[in-house]
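Undergrad: Input: one structure, supplied below.
What follows is calculated from the coordinates using simple rules that are stated; it is not laboratory data. Owing to the predicted nature of the structure, the values given are computational and were not obtained by experimental measurement. Every residue, glycine among them, receives a Cβ derived from its backbone with ideal geometry; neighbour counts consider all protein chains shown.
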Amino acid sequence: MTNWNRSLVALSICAATLNANADTLTDIQKNGEVTIGVANEVPYGYTTPAGEPAGESPSIAVHVLESLGVKDVNVVVTEFGALIPGLKAGRFDVIAAGMYITPKRCQQVLFSNPTYSIGEGFLVKNGNPKNLHGYEDVHQQDVKMGVMSGAVEYGYAKDFGISMNKIVTLPDYPSGVAALKAGRIDALAGTSLTMATLAQKDDRVTLAQPFEDLVINGEPIKGYGAFGFRKGDEGLRDAFNQELKGFIATPEHIAMVKEYGFGEHTLPGSATAETLCQP
């Protein structure tokens, strides 16, 4: 094969790859079907006993996708740490798990603009026997803190200066609650909304109150959750952003997410994926 022919083949392969990525929006609109990925984390993204999508992110996703003409929404449930690999492998088309936008994740996937913002919290045993009210308490005491695999809290702990031998990584939050009740960890770290939701479901654990706001390098830490897309799916991402622009903060949006604990107090303000992706 000549160099010219090799170049033509290479260009054809590149063009085919770009077209395959760029056509996701067209494909799902043509087929009327899409698959979203969730981590079964209440209240961000999970499925009902009947297998229906539920939570803040899937509810908004269904609304947006219906506005885009896609009525059939399938759901794949996986561990949080497997969401990005699963998206890149084509197991689903959109991450609808309330995933935080971080510069590191932005290197792997595209993000929509955020749909909510929220701070951190601890789940502890009733009575808070170790008196843990923030990351500084973990840093100072001989205790164990649980974090979910793939979640941002591991990085927060590391950046805060907490010794890694104090951190226990768990596959999901139910495992974290079990570890807390069994005494394998002294606090479970996550967003205040997730921790409060878990506390409502088990009378042996509670939300640590008060909680000292997490500050790293002088910056208060707040997470901004959004939808994730494969690199090359800018068309689908842009279509989501256009729909979100006219929906987030409307009475319809607030009413939709209120049952999951979200509302005006969790609105993302003027934050955008572009700014949040910056190192």
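Undergrad: Test of understanding: what is the full-extension gain from residue 163 to residue 149, defined as 0.36 nm times their sequence separation minus their Cα-Cα distance?
TA: 3.3 nm
Undergrad: Right, something else. Using θ = phi - 60° and the Karplus relation 6.51 cos²θ - 1.76 cosθ + 1.60, list the HN-Hα couplings for the range 253-263 in order, rounded to whole Hz, with x at every Gly or Pro.
TA: 3J(HN,Hα) across the range 253-263, in whole Hz: 5, 4, 5, 5, 9, 4, 5, 9, x, 8, x.
Undergrad: I'd like the GluC sites (Glu not before Pro) in the range 180-279 restricted to DSSP loop residues with at most 15 other Cβ atoms within 10 Å, sorted by number.
TA: Working: sites: 212, 234, 243, 252, 259, 264, 274; in loops: 212, 259.
Sparse-neighbourhood loop GluC sites (Glu not before Pro): 212, 259.
Undergrad: Any chance you could check the Cα centroid distance between the range 41-110 and the range 225-271 for me, in angstrom?
TA: 12 Å
Undergrad: With percent of Cα pairs over 29 Å apart in mind, check (1) 36; (2) 25; (3) 31 and report the label derived from this structure.
TA: (1)
Undergrad: Is it possible to state the helix-based mean residue ellipticity at 222 nm for the chain, with each DSSP H run of 4+ residues giving -39500 (n - 2.57), the sum divided by total residues, to the nearest 500 deg cm²/dmol? What is it?
TA: Working: 12 runs with 108 residues, N = 279.
Mean residue ellipticity, 222 nm, calculated: -11000 deg cm²/dmol.
Undergrad: Charges at C-beta only: +1 for Lys and Arg, -1 for Asp and Glu. How large is the resulting dipole of the range 214-279 about its Cα centre, in Debye rounded to 20?
TA: In debye, rounded to 20, the range 214-279 gives about 140.
Undergrad: Counting only trypsin sites (Lys or Arg not before Pro) that sit in a DSSP loop (anything but H, G, I, E, B) with at most 11 other Cβ atoms within 10 Å, what is the longest stretch of the chain containing none of them?
TA: Longest run free of exposed loop sites: 72-203.
Undergrad: A follow-up question, please. From the backbone phi of the range 98-110, what are the Karplus-calculated ³J(HN,Hα) couplings (6.51 cos²θ - 1.76 cosθ + 1.60, θ = phi - 60°) in whole Hz, Gly and Pro given as x?
TA: x, 5, 5, 7, 9, x, 5, 5, 5, 6, 9, 9, 8
Undergrad: Continuing with this model, one more query. For the charge dipole of the chain, defined by +1 on Lys and Arg C-beta atoms and -1 on Asp and Glu C-beta atoms about the Cα centroid, which residue among 83, 123, 261 has the Cα displaced farthest towards the positive pole?
TA: Checking the options against the dipole of the chain, the answer is 83.
Undergrad: While we're on this one: List the residues, sorted by chain then number, that are 5 or more residues from residue 187 or on another chain and whose placed amide H is less than 5 Å from its amide H.
TA: 144, 146
Undergrad: How many percent of DSSP beta bridges within the range 95-218 run antiparallel, rounded to 5?
TA: On the way: 7 of 13 bridges.
In the range 95-218, approximately 55 percent of DSSP beta bridges are antiparallel ones.
Undergrad: Dipole of the range 26-126, Cα-centred, from +1 at each Lys and Arg C-beta and -1 at each Asp and Glu C-beta, to the nearest 20 debye?
TA: 300 debye
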